[in-house]
Amino acid sequence: EYKGMSKERMLEIRRQNCNPMTMRVTYYKKPVFIHQGHMQWLWDVDGRRYLDLFAGVATASYLPDPLKVIYLTNSGSEANDLAMLMARLHTGNFDIITFRGSYHGGSPQTMGLTSNAAYKYPIANGLGCTNTMCPDVFRGPWGGNHCRDSPVQTIRECSCAQGHCMANEQYIGQLKETLATSVPNQIAAFFGEPIQGVGGAVQYPKNFLKEAYKLVRERGGVCIADEVQTGFGRTGSHFWGFQGHDVIPDMVTMAKGIGNGFPMGAVVTTPEIAASFTKGVHFNTFGGNPVACAIASSVLDTIKEDGLQQNSLNVGTYLMKELAKLRDKYEIIGDVRGKGLQIGVEMVKDKASREPLSPEAMNEIFEDVKDMGVLIGKGGLYGQTFRIKPPMCITMEDADFFLAVFNKSIHDYMAKR
Ligand code: PMP
């Protein structure tokens, strides 16, 4: 039926039958008709090849003690729903805190954790969820200088005791205020991604999560790391994103990469928290079905056998170093950040104002990069961040190809301005 059909007709069918919001958020002006995929490459219906830099937002024995008990689900939203329920049952408290700008799911419960207007609907959602200031050292009120000791890493990783490293203290102060004013001084949980994903690869100042976990636990709450994007070696230096913060959460939620495209999610927690969850029956027909488990198990084997975590570190570090050079070269690249293959490139009108680059300009560059054969993502509260999170098998040559394309696209945009 689709054979020989024109692209216009295919687009019309998509418009009539697909979620219109998805069409708006993730589609190009001239959409790509993907027909085939292999490793990091995709082919459209005309046989045109694209380098995929956005698909890879791709166990219990991989986690440190005491994280031993696993519950299998079918998605990240389901995993976070379950984690919310378990935290509340275990602590006897109700309130949950998350970062502004975060995305933790689209179900009615997790919509409350999510704090980005684009993903919120006017229904009763996530009662008891409070959002606290995201410790963003580029766009937030504090921090923002690149560390003088390192060309790539900003104060997020730095502890050189310059004045700008005070950002951590100031953001912790904000969290303390939220804890003192918005909740009844006791909380059930604090949810945080080790590096914000949909929020635009936002990294926090060094030690922030460590201190936040302490404050939360003092108020009876449990700490939950949402590893849906950062888990499975993507950050390169560690298998889990939280390990880069020197903390051990009470619960870890995961999805996406665990099944490498197959629907699967999980919550891993401590035996103590699991024991609080035995009063009722928790049941999930497809959670942990044999097909999903076989796939997740071979994903873990492949990550190990193919050295994909090390590859994330090598290619990701190289990409960030080279992107930092482009940041220094172009007025409209404000910030380059991330770890391994979880990278954000924040675009601005100019470096002095840090005003987000307009959606029109973002779309123009996004479209141009696609026309040259590379697919990247967008994110951030104002859609101002290009997100680069490729399949973990990409090579140095792929990175060079993208860098050349991105450089040309920004260069051409600047020339027209
Ligand atoms: N948490 C994070 C950090 C996510 O990025 C996402 C999906 N973008 C989710 C949870 C929700 O996962 P799912 O789409 O599988 O429900």
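The values are calculated or read from the model by the stated rules, or taken from the named source; none is laboratory data. Just so it is clear, the model here is predicted, and its values are computed rather than measured. Ideal geometry is used to build each Cβ from the backbone, glycine not excepted, and the neighbour counts take in all protein chains shown.
Let's see how each residue does on (1) crowded, with 21+ Cβ neighbours inside 10 Å; (2) within 11 Å of the ligand (Cβ to nearest atom):
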position	(1), (2)
G192	yes, yes
Q196	yes, yes
P205	yes, no
K214	no, no
E218	no, no
Practice item. Residues being within 11 Å of the ligand (Cβ to nearest atom) and either among the acidic types (D, E) or not in a loop (DSSP other than H, G, I, E, B) (or both): count how many of those fall in region 112-127. Key: 2
Practice item. State all residues of region 82-94 that are surrounded by fewer than 23 Cβ atoms within 10 Å (Cβ to Cβ) and either at negative phi or touching a strand residue (DSSP E or B) at 6+ places or on another chain (Cβ under 8 Å) (or both); if no residue qualifies, say none. Key: L85, R88, L89, T91, N93, F94
Review point. Any chance region 43-51 includes a residue that's surrounded by 16 or more Cβ atoms within 10 Å (Cβ to Cβ), at pLDDT 85 or above and under 24 Å from E360 (Cα atoms)?
Key: yes
**Study point:** Criterion violated by S61 - all others in (1) more than 16 Å from the chain's Cα centre (by Cα); (2) crowded, with 24+ Cβ neighbours inside 10 Å; (3) part of a helix (DSSP H, G or I) satisfied
**Key:** (2)
Practice item. Those residues that are surrounded by 19 or more Cβ atoms within 10 Å (Cβ to Cβ), more than 20 Å from R337 (Cβ to Cβ) and of a type in the set (A, V, I, L, M, F, W, C), I need them from region 240-273; list them, please. Key: M251, V252, M254, A255, I258, M264, A266, V267, V268, I273
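Of the residues I224, I187, which is within 15 Å of the ligand (Cβ to nearest atom), among the β-branched types (V, I, T) and at pLDDT 95 or above?
The unique qualifying residue is I224.
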Study note, to complete from the structure: Considering region 234-263, residues that are more than 16 Å from the ligand (Cβ to nearest atom) and part of a loop (DSSP other than H, G, I, E, B), and then whichever is nearest to I96 (Cα to Cα), we arrive at D250
Practice item. Filter region 91-107 down to residues that are among the β-branched types (V, I, T) and not in a helix (DSSP H, G or I) and give me whichever is farthest from the ligand (Cβ to nearest atom). Key: I97
Review point. Condition test on G316, is it part of a strand (DSSP E or B) and either buried (at least 22 other Cβ atoms within 10 Å of the Cβ) or in contact with a Cys (Cβ under 8 Å, 6 or more places away or on another chain) (or both)?
Key: no
Check your understanding: In the list A87, A83, which residue meets the criterion of being assigned to a helix (DSSP H, G or I), within 16 Å of the ligand (Cβ to nearest atom) and more than 27 Å from G344 (Cβ to Cβ)?
Key -> A87
Practice item. Kindly provide the set of residues from region 95-112 that are more than 15 Å from the chain's Cα centre (by Cα), of a type in the set (S, T, Y) and buried (at least 22 other Cβ atoms within 10 Å of the Cβ), ordered by number. Key: T110
